[in-house]
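Enquirer: Take a look at the following structure, please.
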Amino acid sequence: MNGIILCIALFEIIPLYEIFPLGIIHGIVSGGLESYCRSFFGLLIPPGSEAAFYALYAATDKGSSFIGPAVIGILIDATGQVRTGFFFIAVLIVLPIPLVWMANAEKGRRDALVMADSLKNGHKSHREATDGAQKAEGLLARES
């Protein structure tokens, strides 16, 4: 009986050996990724609209918490293999890379300032809104 328990305990080392390093990597990467994403998203929010945009961010973040597992469950049920779920996750992880690569944070920030200015002053001409945004952006640069 002790031999069986010892063998089971030794077998338990195998998944733990795999899980702990992956868990550590996941913990380090996911925390940093989430904070970087929120900071990047914050740059693109028009001043004065932070509550609405962060509410959208929170809703989409929480929505993915049940949609992702549901899709993976459907894939596993349809194919009978867990690997299908891992392939789906791999695609979802890689899919945003080109989108983030193409994002222009400077232009997004300028557009957010133009939008905030046009919402504040009513809908002015694009030239007037752009001039106001450039003045506001200059103020932001001096504070940094």
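Enquirer: Can you compute the FRET efficiency between I24 and A78 using 1/(1 + (r/R0)^6), with r the Cβ-Cβ distance and R0 = 30 Å? Round to the nearest 0.05.
Expert: The pair I24/A78 has a calculated efficiency of 0.35.
Enquirer: Right, next: Note down the nm distance, to one decimal, between modelled labels 7 Å out along Cα→Cβ at F88 and at S49.
Expert: The modelled label-to-label distance comes out at 3.3 nm.
Read the figures in this text as sums done on the coordinates, not as results from a lab. Predicted, not measured: the structure shown is a model, and the values here were computed from it. Ideal geometry is used to build each Cβ from the backbone, glycine not excepted, and the neighbour counts take in all protein chains shown.
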